[in-house]
Amino acid sequence: MLLAYSRGETISSIARNEKTNGPAVEPCVAKALSGGIMTALRDSAGLERPTEITDGDKAWVLDPACSKPSDHGYAAGRWTISRLAEHIRKQAVDNGHLFLAGRVLYD
């Protein structure tokens, strides 16, 4: 991303080529502009967090995903992705899946 930006490519062009979006590219570029290239290449302090969803998290997500929303108190007969993601985030902490509580799932 930084090399593309240094060649004069736009944020939207970089995002398209990297198969991501502008809000994912902008912080990287801003970090390089404010603190230099080496700062941009290092992780910021305080970002230590799990890098992947555990097998237990995956198994827990499958339970509601393979059931009907009505089984969980919703009126709908089928999940939409956004409704399922909302349900998972709301229930994650109470079910011991803290990582999923803040994780954006296909919104």
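The values are calculated or read from the model by the stated rules, or taken from the named source; none is laboratory data. None of these values were measured; they are calculated from a predicted model. Cβ atoms come from the backbone with ideal geometry, glycine included; neighbour counts cover every protein chain shown.
Quick notes
- Verdict on residue 94 being at pLDDT 85 or above, assigned to a helix (DSSP H, G or I) and surrounded by fewer than 10 Cβ atoms within 10 Å (Cβ to Cβ): yes
- So residue 79, is it modelled with pLDDT of 80 or more and under 19 Å from the mean Cα position of the chain (by Cα): no
- Only one of the listed residues (8, 46) is at pLDDT 85 or above and at positive phi. That residue is 8.
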